[in-house]
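Student: Once you've had a glance at the structure underneath, I'll fire off some questions.
The values are calculated or read from the model by the stated rules, or taken from the named source; none is laboratory data. Computed from a predicted structure; not experimentally measured. Here Cβ is always computed from backbone atoms with ideal geometry, including for glycine, and neighbour counts include all displayed protein chains. Note: accessible area is taken over every heavy atom of the protein model, side chains too, but ligands, DNA and RNA are not part of it. Shrake-Rupley method; radii C 1.70, N 1.55, O 1.52, S 1.80 Å.
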Amino acid sequence: MTPPYPPGADAAARNRVALYDAILSLRTRDEVDAFLTDLCTPAELRAFTERWQVARLLHAGGRSYRDIAAEAHASPTTVVRVARFLKEMPHQGYRLVLDRLKA
């Protein structure tokens, strides 16, 4: 079995993997809500929610960045950043989840 992180990974990498494993252990929306409410500040949860709403609106298409910012109560900078991650960045995390939820 492959270790969850590269041999010699630093503590930050090991701790990040531990967090991912904790998230992957959650089974229901209520469990996710309880964990994220304990883990994050209200402002962090609002920021996550805002970015996710922006990603969904961008994915749906047909709206200007200004309209998306207004609907999501997000800054234009946030809309541009999320759009960049949707289109250009190699991680493609937003795209992965959007495509899975569409299916």
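Student: Ignoring any ligand, DNA or RNA, what whole percent of the accessible area of the chain comes from carbon and sulfur when the probe is 1.4 angstrom?
Tutor: 58 percent
Student: Picking from LEU26, PHE48, PRO90, whose Cα lies most toward the positive end of the charge dipole for the chain (charges on Cβ: Lys, Arg +1; Asp, Glu -1)?
Tutor: PRO90
Student: Then there is this: For the pair LYS87 and LEU39, what calculated FRET efficiency results from E = 1/(1 + (r/R0)^6), where r is the Cβ-Cβ distance and R0 = 22 Å, to the nearest 0.05?
Tutor: So, using R0 = 22 Å, E works out to roughly 0.15.
Student: Just how much of LEU101 is accessible, in Å², when a 1.4 Å probe is used and the result is rounded to the nearest 10?
Tutor: Rounded to the nearest 10, the figure is 120 Å².
Student: How large is the accessible surface of THR49 in square angstrom, using a 1.4 angstrom probe and rounding to the nearest 10?
Tutor: Counting only protein heavy atoms, the figure is 90 Å².
Student: Oh, and also: Just to be sure I understand: with springs between alpha-carbon atoms less than 10 Å apart, which residue in VAL17, VAL82, VAL32 has the highest mean-square fluctuation in the Gaussian network model of the chain?
Tutor: Maximum among the listed residues: VAL17.
Student: Check every DSSP H run in the chain and write down those whose alpha carbon atoms cover 24 angstrom or more along the long axis and whose mean Kyte-Doolittle hydropathy is -0.5 or greater.
Tutor: 42-60
Student: Can you tell me the FRET efficiency between VAL32 and SER75 if r is taken as the Cβ-Cβ distance and R0 is 25 Å, rounded to the nearest 0.05?
Tutor: So the FRET efficiency works out to roughly 0.45.
Student: Can you tell me the equivalent ellipsoid semi-axes for the stretch 42-81? Use √(5λ) from the Cα gyration tensor, largest first, whole Å.
Tutor: 17, 10, 8
Student: Quick one: compute the contact order of the chain, relative version, from alpha carbon pairs under 8 angstrom and 6+ residues apart, as a percent.
Tutor: It comes to 16 percent, rounded to a whole number.
Student: Restricting things to Cα coordinates, could you compute the convex hull volume per residue of the stretch 1-80 in Å³?
Tutor: 154 Å³
Student: Would you mind calculating the gained length between ARG63 and LYS102 on full extension (0.36 nm times residue separation, minus the Cα-Cα distance), in nm to one decimal?
Tutor: Length gained between ARG63 and LYS102: 12.1 nm.
Student: So if I average 1/r over every pair of distinct C-alpha atoms in the stretch 57-103 and take the inverse, what Kirkwood radius in Å does that give?
Tutor: Across the stretch 57-103, the inverse of the average 1/r is 11.2 Å.
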